[in-house]
Amino acid sequence: MGLLPPGLGLVGDEAGDGRSYAGGMSQGARPLVAAFLGAFAISFSALFFHYAAVSALTGAFFRPAYAIPVLAFLWWRSRSRDGRSTRDRWVALGSGVMLAIDFVCWHLSIGHLGTGLSTLIANAQVVFVAAIAWMFMGERPNRVVLTSIPMVLVGVALVSGLGRSDAFGASPLLGTVLALASALAYAGFLLAYRRANRVQAPVVGSLLDASIGAAATTLLAAPLLGSLDLVPSWPSHGWLLALALLCQVVGWLAIGYALPRLPAAETSTFILLQPVLTMVWGGVLLAERPSLLQLIGAALVLGGVGMVAIVSGRRQTVPIQAAA
């Protein structure tokens, strides 16, 4: 559900010339254009799901399911450069479990908190990745990252509305909790995803495996949750196709190409662009009007995420990612 980050070792020889671009920037404006188009495409994720008007589980299944044929074709074309071991491919497949949980929780949060605020809170996973990497992987963050954690948490609390009657959303507190669950699940997905591609193979292979894992997980969970509708209908599945092809395929791959080729300052800009655009679409197209308190909280979350994005982009150790 997000932008593919530098520092994960996900983008290998995408240019086809045998070099890794992690930590560098290519000549010309191509990476900037790709990053903008990728962030722009992904910013419509929540809107497409809203317009599809399907259950959270149905959306979580068809987003990766519709993307799989396209990703499989792209992987087949670059399969000679996929040097991952069988174990790494199984790890990528397993990361799809966390991706499916992320999709379901995020979709549920949209109904309670709105498209813009739910997407913003989901982007707090940038901070959670840094915290989890510190606690379980020995990747100690610096003072800037440590400062951003309470900043983001205070922002999240304000976005929840603190029980005020003027807070936007059908159930802003529940929506915030679900968006946080989405962020945590996505953080787990990213950390597993990083381990699945330590050889820096072309990103499309790992993305294909994770998409298969996510689709299979939602399919297996259907008997328990009972809300998966496999019968295509129009226009709902037109929106789901747009979600899969524009966001899951084009958006992710464009960002995956661009971010390792951009400096940290520009990387952080595009990380923040996607949730801001989603909030704009929600306000303009869906008349979403967060309260002043929620907007202050949103600004704190954006600030904390931006701080982590800049530091992580410079160090190339903690994954940078925007979620949607």
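Every number in this text was worked out from the coordinates using simple rules, so none of it is lab data. Treat the numbers as computed from the prediction; the structure is a model and nothing was measured. Note that each Cβ is placed from the backbone with ideal geometry, even for glycine, and that neighbours are counted across all protein chains shown.
Along segment 241-253 the Karplus relation, 6.51 cos²θ - 1.76 cosθ + 1.60 evaluated at θ = phi - 60°, assigns HN-Hα couplings of 5, 4, 4, 6, 7, 6, 8, 5, 9, 5, x, 5, 5 Hz to successive residues, with x for each Gly and Pro.
Relative contact order, whole percent, for segment 30-315 stands at 42, derived from Cα pairs under 8 Å and 6 or more residues apart. Per-residue extension of 0.36 nm, minus the Cα-Cα distance of L219 and L292, leaves a gain of 22.3 nm for this segment.
What's the extension gain from R30 to V231 if we count 0.36 nm per residue and subtract their Cα-Cα distance?
Between R30 and V231, full extension yields 68.3 nm more.
Here the residues V301, V145, V33, V231, ranked from fewest to most Cβ neighbours within 10 Å of their Cβ, fall in the order V231, V33, V145, V301.
Cβ neighbours within 10 Å, averaged per peptide: list 147-154, 202-209 in order, most packed at the top.
Descending mean neighbour count gives 202-209, 147-154.
If the segment from N142 to T86 were pulled out straight at 0.36 nm per residue, it would be longer than the present Cα-Cα gap by 16.7 nm. The fraction of Cα-Cα pairs per 5 angstrom bin, counted from 0 for segment 75-161, comes to 3, 11, 15, 16, 17, 15, 12, 8, 4, 1, 0 percent, rounded to whole percents. Annotation: the residues F36, F103, sorted from fewest to most other C-beta atoms within 10 Å of their own C-beta, follow the order F36, F103. Note: relative contact order over segment 53-170, using C-alpha pairs below 8 Å and six or more positions apart, is 27 percent. The HN-Hα couplings worked out from phi for segment 45-55 by the Karplus form 6.51 cos²θ - 1.76 cosθ + 1.60 (θ = phi - 60°) are 3, 5, 5, 4, 5, 4, 5, 5, 6, 10, 5 Hz, whole numbers, x standing for Gly and Pro.
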